[in-house]
């Protein structure tokens, strides 16, 4: 940019010179040395052309003959440039600054006291007292100020044994005016706060000019009796001997401005507040940007930019001396133009929500997956459904992550509703449970086999060359009872004996796994009637078959003779068959029957292998026949349809949705017919509803959508109509149940058909946080670790996950808290986090973290904000020390809330951090990041974090709260080479210009010795 502007300047200069040559012969009259740049004026002077010559005049703020100009040091005079505190000379000008505890007045020269107590009580835990140039914290009766000069510690009155304490800093009358230290060998030693001196009695502290400017508004002078205040020559001392008032009378200010031709900027800056220019009529005063010249033509007054169009700020505009500052509402951040506010996308941060995060303007909200509940604002914990009235299970209930399962005792099996248990009965001859049926027929030497799925068919397309189909219901591994879903309420289990299981693998050469309808279309069920004579395994009750087909060009295991480019498909079959105890005889017991069954199944597998090799194996689902694989030459032909379980939607292949199935002939997804349902995606058939009435809505997505179920407050033998109302003294909240729950304790209901415990006529109505005990007929507080938010309940809900409550009688899940101390401790970057953050931390926690950085590295900590209860006598405390000993070097200690961020370096190489809470009220807590950095940068880092400008601006404060920015800054600080990951554009887009200027000045000063 600089090079291009220089090129433009050269072109412009050449153009001017060319035009001069083309003009009439004016040069014979006069040559403009200033234009020709043949003058000998100083770079800090103005060249003025005269007839046949020129003259040099030094610019405002400089002195000399024009050929040699030097800067005027306005600060070197007794007037001090008009500044009442510090005057900083700059080339051609100067600026005024104020001491800590003061702010620059609107005239840009005077300094006014800052009332620190007006914002956040000055950080004081109890009492804040403002003073000229400073402030101090004080404590109420019974407390004393801690060494951090902000928090108050309760003073114990007596020892544990009841006797008066000896000399100790805990005594009320220890005698120290400021800080009391207990000496190693006993006794006490007094110290003073910075800016004070210990008097000769070694107890009292004397104020000096080094603290709050000695309480003086302008000038502080040290004397034997303490500071003495005086004022700048334009001001006089007020009667309070501290404040300065302007000496110029108001009458003088009312006079119209007068111009004195003999005035010069060289004397008293021409009387100008800011910049002075010499003119033919005298001096001309001007003001810097952000100030306006007053009617006296001398004084500058600050412009309040916020009064017009809110200063161009989107949200909040705050006027400052000579400028203004925009800030944003909570949940927004200021863009680098320092005017526009943009919503903070909290969902883009790490660890914002456990499960799902939804961003909204200025905020966000966390949501949990099904089976989980939200606690602690952002965390998701598993719901213990079994604690909610035993999950509604008839017998046992087992909680699982995100769900739960009802269990049945031996001799019972689970009902279709997954809650009730029905007694296992022997199957009637005319009542056959849905089975997976394998059948074969032989024509000449050719074996043709098929797998028929009457119900419970599950299809899964794993890839373009891999899929699996399962039929029937498998036996649960390790359990002696069948998996619970039956397609009929009248289903039965023939035996409880373990089934016979066989696994077989087959290979098909030059074929690709591709499940597709057989070309001749719908199969004739009558032509392949499955009976005992036509079954593959005669008298075998096959309950479950799982077929998996996988194609791959890679050679599996040993080397084969097949070329590597040949397609090889492998079919794996898992079979389960029942054993009937009724088949046992006197000469063949159950083990004998089992061996015979195993032999039959092995023989059957040989037949299956032949049919698969001869490509005469089919799968029947929903009345359609499917071929399991396709020759490579046929598979190469591009099909317009998407294949089984999928259809085209807006040009894309998508799975059939729940409530529908893939119709092989139509080659598209259709709704499940009435009397059926489908919970899964991409299936080839729908499951039959229990009850068998073939009525209900089309497109049912789950079994609860099946029609004919008994409504709540009713029951029947199978959960379907006809139904009976719950008898008096019982209730049922769920539909489709086979029983009603008793109220217990002999309690009655007003009428039949009750659907809630609320209908039970209890002797007392229980409030939230309690449950009704039917044994003693009293309301009992919910135990620790449980809660109840509703009225009139007979149970309490267990807290989610590994959370618990602080006390009994909890009324909300928000009172369930995780007691685990949070954070990640790394060698370079990490963070510590109060338990349950960002929810309230629990009572009586004791967390310890240790940060032990690698050799030659120091620790930098940023506390964006911290929320501790300060109204319980400092019962909740966060302390950072060198080690566990209370006498070790302390870096940070607080027991109250600070919403303003602070950054600091550790006073010791390693840190021992302890957070304790008492049994009183809790608060949100904290999440504090840290970084370890090379000790060679210690001076630079400390210079930055100790500069008040880092915290003075609200925009700078927001940087220290911005998780993304802090992560980026820490990344560079921990690993300087990562600086090259970020471009100049990145930093300009992330950081405001004022922050970049602050950091740049610090870095430049740090690197100056190396330049």
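Going from the residue with the fewest nearby Cβ atoms within 10 Å to the one with the most, 741, 904, 926 rank 904, 741, 926. Here the residues 62, 661, ranked from fewest to most Cβ neighbours within 10 Å of their Cβ, fall in the order 62, 661. Per-peptide packing, taken as the mean over residues of other Cβ atoms within 10 Å, places 817-825, 42-50, 615-623 in the sequence 615-623, 817-825, 42-50 from highest down. Taking other Cβ atoms within 10 Å as a rough exposure proxy, 595, 646 sort from fewest to most as 595, 646.
None of the figures in this text is laboratory data; all of them are computed from the coordinates on show. It should be emphasised that the depicted structure is a prediction, and the values quoted were computed from it without experimental measurement. Positions of Cβ are backbone-derived with ideal geometry, glycine not excepted, and every protein chain shown enters the neighbour counts.
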